[in-house]
1. Classify the chain from the C-alpha gyration tensor, please: rounded if a/c falls under 1.5, else prolate or oblate depending on whether a/b exceeds b/c.
2. Using alpha-carbon positions, what is the distance between the centroids of the stretch 249-269 and the stretch 149-195, in Å?
3. List the relative contact order of the stretch 223-326 as a percent without decimals, with contacts defined as Cα pairs under 8 Å and 6+ residues apart.
4. Given H placed on each backbone N at 1.01 Å, which residues far from residue 318 in sequence or on other chains put an amide H within less than 5 Å of it?
5. Just to compare against my own numbers: the Cα pair-distance distribution for the stretch 346-478, 10 Å bins, whole % per bin, please.
6. Ignoring ligands, DNA and RNA, what percent of the 1.4 Å accessible area of the chain is carbon and sulfur?
7. DSSP beta bridges in the chain, what fraction antiparallel, as a percent rounded to 5?
8. What are the radius of gyration and Dmax of the stretch 210-270, computed over its Cα atoms and given in Å?
Amino acid sequence: MTARAATPTVPGRAGPVLPARRRLFGWSREMAAQRRELERCWTAALQAGDAISPPPGVAAAQHLADGGGFRLAAAREDQLPAAARLFFNDRVVHGGWVYLRGFGYYAADAQMYLPGRAPAPGRRFAAVQQRWPRYAEFARPLAEPAAREPAGWYAWLAWLAFLESAVQDVCTARWSAAVLGHDKAAGVLDEVLQGLGALLAEAAWNRWQPDSCPAGPCDPATWAERAAALSADARIPVVLCELARTLEGPEVAADAVRAVREGDVLWQIAAVAHTRWPALAAAHPGAPVLLVSEAFGAMAAGPVLAGMLPAGQRGRVRLALARGSVHEEEMARVSGTAWRTGRLEADGQVVVHLDDSVFTGRTHAGLRRALTGVPAAVYLVPLTLDVGTPFNHPEEITALGRGVGEHLAGLETAVRAVGGALPPAPSLWARRKAPGPPLGAGGGPADRREEAFARVAGGSDRLLALLWDRYAPEVRDA
């Protein structure tokens, strides 16, 4: 990179100077092209196989909801299996689409409420605890139609959405177990998360991969039994009850319970399996791999990715969980009292750090400091790349003592280290802002609530803005 390209943001300007802007726009174009190529490749594989076939006239990718999850055209809602309509009883219709996630999917997170309106942590967690028995009730009715050959498209989407919901609630509980230092609960939840992650990988990815693209094992005949056994595990109600009891305490911080994760986007994990893992496996044949999931945004990424790996390679992988996010603490979304990563034994292992996004790289630097021994290699593999914060908040980069251009050059080197490619999508949480209302405009309580709603809707956290728009009545009325 030239000296000019490394020039920092010009004082008083609202974003990076021209060379850095060109680099960011180039990244955006490359990521968009990669997503189009994945869509083309995956659509062809789906249509060529006989496991699941998308309905004619509707592109398969249109069923992927922005921000995660699955959707179907409102006119096709009656094609959902009866059990799916019962399970997704709080599904929403928005913009002509039915989303197989309701407000309840995210309701444990304090960020899904207007200021001052979020229930206490214990109350938010209680909803997860009360919902858990429904997974055992619906596991078989939703698994069996999806396991047929061929599976109906909408039955398959419902099964994936069901598994995602179960994974989400386990992740919510696992976060609380870490915050509370409850090792027994953490161990149980890790085991369940790995089982559900393997099921989700089988159903969402392994099921329809062509013979020329090796994937992990897939045994649809076992899905119903395995899902029922995992959701009916007698240990889960016990650990949920223990966590709930502790979360009712008077000193529990709001961030002891959270649910919104940008890394909860299944196709982006599949993209890692498709574009990144082959390069990593070729560079380190047979080497043991420590697959570290960043808990704040990508807690389930490791278990799901491990389930997608080609047969014979899963045994070389050990899973671990870390939390090193610094940006969210600076934004006061997670307090300094929330748990941090301890030491991770990495001697002789290839460490792959899965994160939902990358901004300054400080989270990855923290992970490196937590590693003990001498790793064979350490890689950052983010699911998305932040191209918005250099426009919205360049001062957060220059505060680290480097120019925006210098920062982008280093970031690109780190991100391309596995396979030479960028992630297939930009981050949602730091896209360009929309114009927002002025602060302190006055008015009564209702006006102030609408002002707060508008600030989120126009802020740089585009994931939260998207969710508040989709669940606007629930956010306003909660």
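The values are calculated or read from the model by the stated rules, or taken from the named source; none is laboratory data. Fair warning: this is a prediction, and the values are worked out from it, not measured in the lab. Every residue, glycine among them, receives a Cβ derived from its backbone with ideal geometry; neighbour counts consider all protein chains shown. The protein model used for the area step is the full one, side chains on, heavy atoms only, and it has no ligands, DNA or RNA in it. Shrake-Rupley method; radii C 1.70, N 1.55, O 1.52, S 1.80 Å.
1. Numbers: a/c = 1.30, a/b = 1.12, b/c = 1.16.
Here the chain falls in the rounded category.
2. So the separation of the two Cα centres works out to 13 Å.
3. Values: 73 pairs, mean separation 27.4, N = 104.
Relative CO of the stretch 223-326 lands at 26 percent.
4. The list, which skips near neighbours in sequence, is 289, 290, 291.
5. Per 10 Å bin, starting at zero, the Cα-Cα P(r) for the stretch 346-478 comes out as 11, 31, 28, 18, 9, 2, 0 percent.
6. Working: 10480 of 19150 Å².
Carbon plus sulfur share of accessible area: 55 percent.
7. Details: 8 of 29 bridges.
So the antiparallel bridges in the chain amount to around 30 percent.
8. 18.2, 56
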